[in-house]
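First the structure, in the form of structure tokens, and then the observations on it.
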Amino acid sequence: MTDSAEPLSSLRRALGLLRLVGAADAGGIRLKDLAEQAGCSQPTAHRALQDLAAEGFVEQIGKRYRLALDFFVLAARAGHADGLRDLAKPVLLRLSATLTDTIFLLVRNGYEAVCLDRIEGPFPIRSFTGDIGGKVPLGLGQGSLAILAHLPEAEREAVIRFNVPRLLDRGFLDEAALRVELEKARAQGWVNLNTGLIPGMAGLGVPVFDAQGRAVAALSVGTLADRLRPERLPGVVAILRAEAATLGAMLNPFDTALRHPSRSLSAVA
């Protein structure tokens, strides 16, 4: 009887910890705080977390724990909500038709931003990400910069430390200039950064927030510099932000495209 009761107790404890990790903010939760909330010792909580991590349901980032990819995969299989690419397609089509420009959907993948989808406008343009599946370091390009600016501070700092050398290699901003642009992006809620790296091109990016207020994606318009002059800019900003809010309200929090975009890209013909 004792042998059968003990695994059940351990299972319940692990599931309770999993719920607490899921209830924490996007930056995760410390072992000490988790143990206090669960009403158990830190060694007990640590053993349960190690089991959850071994199964792919929890991951440790620094001194904090958060839900890991396999948890979201399992949750996504249990639900039937549409994926990000499917949800965003009408939004991208509307934006392209309204603005008559090329529209991009970007998501974060570690230290990079990935182009998850793209709708071509009538004007020939060049972009940092290129076609669907193209990647750039977070901070390069308007949509990528919009995502980076709105990450939790600890994650943003880790990305900055890793990516500044990569940005410098691309002829982009140094760290001081990057931080100025990030602060500006957080203050105004959008990015319109013309670096001159792609002559004659301009763009604008806005973050897409999920229900928890996390920047999980970005909508970006790429166009000719002459089409994004000051007199047209406010209107484009308003349209992009409205569509970003619409898309954010529809997001499935368990969509693996938000954490593992290659799985969505594998379905692209």
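What follows draws every value from the coordinates through simple rules; no lab data is involved. As the structure is a prediction and not an experimental result, all values here were calculated from the model. We place every Cβ from the backbone using ideal geometry, glycine too, and count neighbours over all the protein chains shown.
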Here the gain from full extension of K63 to L233, 0.36 nm per residue of separation minus their alpha-carbon distance, amounts to 56.9 nm
Give me the dipole magnitude in Debye, nearest 20, for segment 2-67 about the Cα centre, with unit charges on the beta carbon: positive for Lys and Arg, negative for Asp and Glu. 220
What order do you get for H46, H150 when you list them from fewest to most C-beta neighbours inside 10 Å? H46, H150
Ascending count of other beta-carbon atoms within 10 Å, so fewest first, for F172, F104: F172, F104
Mind checking which of L182, P207, P90 is farthest towards the positive end of segment 84-265's charge dipole, using Cβ charges of +1 (Lys, Arg) and -1 (Asp, Glu) about the Cα centre? P90
Report the FRET efficiency, 1/(1 + (r/R0)^6), for R166 and T44, where r is their Cβ-Cβ distance and R0 is 35 Å, rounded to 0.05. 0.25
Length gained when the stretch K184-S10 is fully extended (0.36 nm per residue, less Cα-Cα span): 57.8 nm
Once the Cα gyration tensor of segment 84-265 is diagonalised, what are the square roots of 5 times its eigenvalues, in whole Å and ordered largest first, as equivalent ellipsoid semi-axes? 21, 20, 15
Ranked list, fewest to most other Cβ atoms within 10 Å of each Cβ, for E112, E175, E183: E183, E175, E112
